[in-house]
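The values are calculated or read from the model by the stated rules, or taken from the named source; none is laboratory data. Values in this document were obtained by computation on a predicted structure and should not be read as measured data. Every residue, glycine among them, receives a Cβ derived from its backbone with ideal geometry; neighbour counts consider all protein chains shown. Ligands, DNA and RNA are stripped out before the accessible areas are found, and what is left, the full protein with its side chains, is counted by its heavy atoms. Shrake-Rupley method; radii C 1.70, N 1.55, O 1.52, S 1.80 Å.
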Amino acid sequence: MQRHSPTSPLLSLPGAVPAEGPDESVAAHYGDLFREQRALADGTGFVDLSHRGVITVSGQDRLSWLHLLLTQHVSDLPPGQATEALVLSAHGHIEHALYLVDDGVTTWIHVEPGTQEALIAYLESMKFFYRVEIADATDRYAVVHLPAGSIAPVPEGWTVREAVYGREVFVPRDELETFAKTVGNPIGILALEALRIEAHRPRLGLETDHRTIPHELGWLTTAVHLEKGCYRGQETVARVHNLGRPPRRLVFLHLDGSEVKLPGHGTALRLADDGPDGRPIGAITSSARHWELGPIALAVVKRNTPADAALSAEGTPAAQEVIVEP
């Protein structure tokens, strides 16, 4: 069972509306969704991600040990360099998505809300004789997102994970409210989700299910190192990459803007020509209203779905853009 995420104190800020689903412990928005999206795109403001799980791994063997367990090459990870990695099942299905940075002494990891306990249990089971210490730091540290281009100051000594889409700051939880006052206007998670969907970035638990493999979501390019072995599920990764194609693929959708309600996670997709009684060929995984693009979504469809086929999400017309090649 997943542990409930800490409720953010920033939900007390003016205009805060609580999010739903996996993000329920932080704000969905602060009163103006499109303004908040524009601010993120302009590199201003901050997003409260204090509901995400935080794990630290310390000890002399931490990077060489993590290298044996993860899909990413991390044995020589330089201090300050951000990376992504996955934990797979023995059959190559995605179980965890990790967002890492090492500070030279400790590897800092943030994960989806409530998933840290299961990941820590797996890591603890694999310690053996390695000199590593694993800690759940969720109660002590909160993650705050600063968008790409932000010039907001971060106190010296704090750990920062800098990616192409912005900086993720590991903030001492007892300093979260004070830090929030110094980094601009608060922005809700829905704005960040809209930009994530626009950028085609998959998210564990939304784009994934119990049988998802990395190839289906384009995670081979960011979270998997194809030249390394020695991790659970590696045989499936190599076999599908070298000999076959994944059974499903991630697509980006432009949705009909005339519809009042967005199709939510799990909404069935059908070929438009087959009508409402046609066989489902996939499902919506994430959707959002984008300040420039209008209604957009990510979806996972059967690999052989024609890339130029018009789709329908329970009556809402949807046009595809290819992310993972058929």
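Values for this structure:
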{"quantity": "Filtered residue count, the range 293-326, keeping only those that are more than 22 Å from the chain's Cα centre (by Cα), open to solvent by 60 Å² or more (accessible area, probe 1.4 Å) and more than 26 Å from Arg245 (Cα to Cα)", "calculated": "2"}
{"quantity": "Subset tally (residues that are in a strand (DSSP E or B) and either surrounded by 23 or more Cβ atoms within 10 Å (Cβ to Cβ) or among the β-branched types (Val, Ile, Thr) (or both)) for the range 41-59", "calculated": "8"}
{"quantity": "All positions within the range 185-223 that are open to solvent by less than 10 Å² (accessible area, probe 1.4 Å), hydrophobic (A, V, I, L, M, F, W, C) and more than 21 Å from Leu255 (Cβ to Cβ)", "calculated": "Ile187, Trp219, Ala223"}
{"quantity": "Test for Glu175: is it out of contact with any Phe, Trp or Tyr (no Cβ under 8 Å at 6 or more places or on another chain), at pLDDT 95 or above, crowded, with 18+ Cβ neighbours inside 10 Å and among the charged types (D, E, K, R)", "calculated": "no"}
{"quantity": "The range 224-244, subset among the polar types (S, T, N, Q) and open to solvent by 20 Å² or more (accessible area, probe 1.4 Å), residue nearest to Ile323 (Cα to Cα)", "calculated": "Asn242"}
{"quantity": "So Val17, is it closer than 19 Å to Ala163 by Cβ and hydrophobic (A, V, I, L, M, F, W, C)", "calculated": "no"}
{"quantity": "Filter result for the condition that a residue is open to solvent by less than 20 Å² (accessible area, probe 1.4 Å) and aliphatic (A, V, I, L, M), over Leu33, Leu69, Leu63", "calculated": "Leu69"}
{"quantity": "The listed residue being without any contact (Cβ under 8 Å) to a residue 60 or more places away in the chain and touching a Phe, Trp or Tyr at 6+ places or on another chain (Cβ under 9 Å), out of Gly59, Gly15", "calculated": "Gly15"}
{"quantity": "Pairs with Cβ under 8 Å, 6+ apart, first in the range 266-291 and open to solvent by 50 Å² or more (accessible area, probe 1.4 Å), second among the charged types (D, E, K, R)", "calculated": "Pro276/Arg270; Pro276/Glu314; Arg279/Arg270; Pro280/Arg270; Trp291/Arg38"}
